[in-house]
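S.K.: Got a structure for you, questions after.
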Number of protein chains: 2
Amino acid sequence: MKYDTEPELTEEQLTHVSQIFKALGDPTRIRILHFLLDQEYSVNEIAEKLELHQSTVSHQLSTMKKIRLVKSRREGTTIYYSHDDKHVIDLLTEAINHACHN
Amino acid sequence: MKYDTEPELTEEQLTHVSQIFKALGDPTRIRILHFLLDQEYSVNEIAEKLELHQSTVSHQLSTMKKIRLVKSRREGTTIYYSHDDKHVIDLLTEAINHACHN
DNA sequence: TGCATATATTAGCATATATAAATATTCTAA
DNA sequence: TTAGAATATTTATATATGCTAATATATGCA
């Protein structure tokens, strides 16, 4: 039996890649990330615009921040979020573009 | 309050895109898809090479087949699987490449 | 200090899903 | 038609996760 010559994935690669895809595998997180495509927004702005509970947005932002998909910036009591991984944004927009003409 | 001018994602786009990312968000499925990069393999070959239970491989292949990530071909009692969405393969390899130098 | 606003965290619930063992199905060959 | 091989399905279990309400924390201001 002959097998592929592709190099095996390392444990780290597997973990990292699946973590990112897992984060993108939820409609709510996709909506949030997509909303942050070109501009930063506060938690409340995101919640209002996307019609989500404040705690839901905060929670999902925190999960995305843990794996460096978004970053935050404080201004008084307000915290602005923006995306923090251009490559992930590229993956997302490519997937969306592909979903369009399909 | 001013909001982004990006077009809102449609329900269909959201569902489709999150479905694909969700499928890629599991290490076992990534290993299987990656193993199928350049060549088709039978269920047993995949199970042996990746050291997974036969039922696990069969189950994961069936979930990926449902959403057209893989396709199958029968030859006697053996069923060969291969990937069926070049674009998803591209997303995967891009993510892996990025994970390498990171 | 005390109050209001914005955000974060906690806890509970419901749902989803990954794995594995056991069983069933499908096909080939004798 | 019957046995064996390959794959699929069923069932059970454990784990993860998304959402919500409630509460906590942090900041700015009177």
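Read-outs throughout are calculated quantities, based only on the coordinates presented, and are distinct from any laboratory measurement. This is a predicted model, so every value here is computed, not measured. For neighbour counting, all protein chains shown are included, and Cβ atoms are generated from backbone atoms with ideal geometry for every residue, glycine included.
S.K.: What number of residues in the stretch B:53-102 are of a type outside the set (S, T, Y), more than 14 Å from chain A (Cβ to nearest Cβ), out of contact with any Ser or Thr (no Cβ under 8 Å at 6 or more places or on another chain) and surrounded by 14 or more Cβ atoms within 10 Å (Cβ to Cβ)? Please lay out each step first, then the result.
M.R.: Keep residues of the stretch B:53-102 that are of a type outside the set (S, T, Y), which gives B:53-54, B:57, B:59-61, B:64-71, B:73-76, B:79, B:83-92, B:94-102.
Next, from what is left, pick out any that are more than 14 Å from chain A (Cβ to nearest Cβ): B:53-54, B:57, B:59, B:61, B:65-66, B:70-71, B:73-76, B:79.
Filter once more, so that each one left must be out of contact with any Ser or Thr (no Cβ under 8 Å at 6 or more places or on another chain): B:53-54, B:57, B:59, B:66, B:74-76.
Now narrow it down to the ones that are surrounded by 14 or more Cβ atoms within 10 Å (Cβ to Cβ): B:57.
Selection size over the stretch B:53-102: 1.
Rundown of residues vs (1) under 30 Å from A:V88 (Cα atoms); (2) part of a helix (DSSP H, G or I); (3) without any contact (Cβ under 8 Å) to a residue 12 or more places away in the chain; (4) away from DNA strand C (no atom under 16 Å from the Cβ), yes/no style:
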position	(1), (2), (3), (4)
B:Q39	yes, no, no, yes
B:I46	yes, yes, no, no
B:L52	yes, no, no, no
B:R73	no, no, no, no
B:Y81	yes, no, no, no
B:L92	yes, yes, no, no
B:A99	yes, yes, yes, yes
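S.K.: Of everything in the stretch A:31-43, what is in contact with a strand residue (DSSP E or B) (Cβ under 8 Å, 6 or more places away or on another chain) and facing another protein chain (nearest Cβ under 10 Å)? Give them in sequence order.
M.R.: Of everything in the stretch A:31-43, those that are in contact with a strand residue (DSSP E or B) (Cβ under 8 Å, 6 or more places away or on another chain) and facing another protein chain (nearest Cβ under 10 Å) turn out to be A:F35, A:L36, A:L37, A:Q39, A:Y41, A:S42.
S.K.: Further question on the same structure: What are the pairs with Cβ atoms under 7 angstrom where one residue, in the stretch A:14-30, is free of Cβ contacts under 8 Å to residues at least 60 places away in the same chain and more than 7 Å from chain B (Cβ to nearest Cβ) and the other, located anywhere, is part of a helix (DSSP H, G or I) and small (G, A, S)? Sequence gap at least six, or different chains.
M.R.: These pairs meet every condition: A:R29/A:A23.
S.K.: Would you pick out the residues in the stretch B:39-74 that are small (G, A, S) and within 29 Å of A:A99 (Cα to Cα)?
M.R.: Kept after step one, since they are small (G, A, S), are these residues of the stretch B:39-74: B:42, B:47, B:55, B:58, B:62, B:72.
B:S58, B:S62, B:S72 - these are the residues of the stretch B:39-74 that are small (G, A, S) and within 29 Å of A:A99 (Cα to Cα).
S.K.: Do we find that A:L50 is at the interface with chain B (Cβ under 10 Å from one of its Cβ atoms) and in contact with a strand residue (DSSP E or B) (Cβ under 7 Å, 6 or more places away or on another chain) in this structure?
M.R.: Values: at the interface with chain B (Cβ under 10 Å from one of its Cβ atoms): yes; in contact with a strand residue (DSSP E or B) (Cβ under 7 Å, 6 or more places away or on another chain): no.
Judged against the criteria, A:L50 is not a match.
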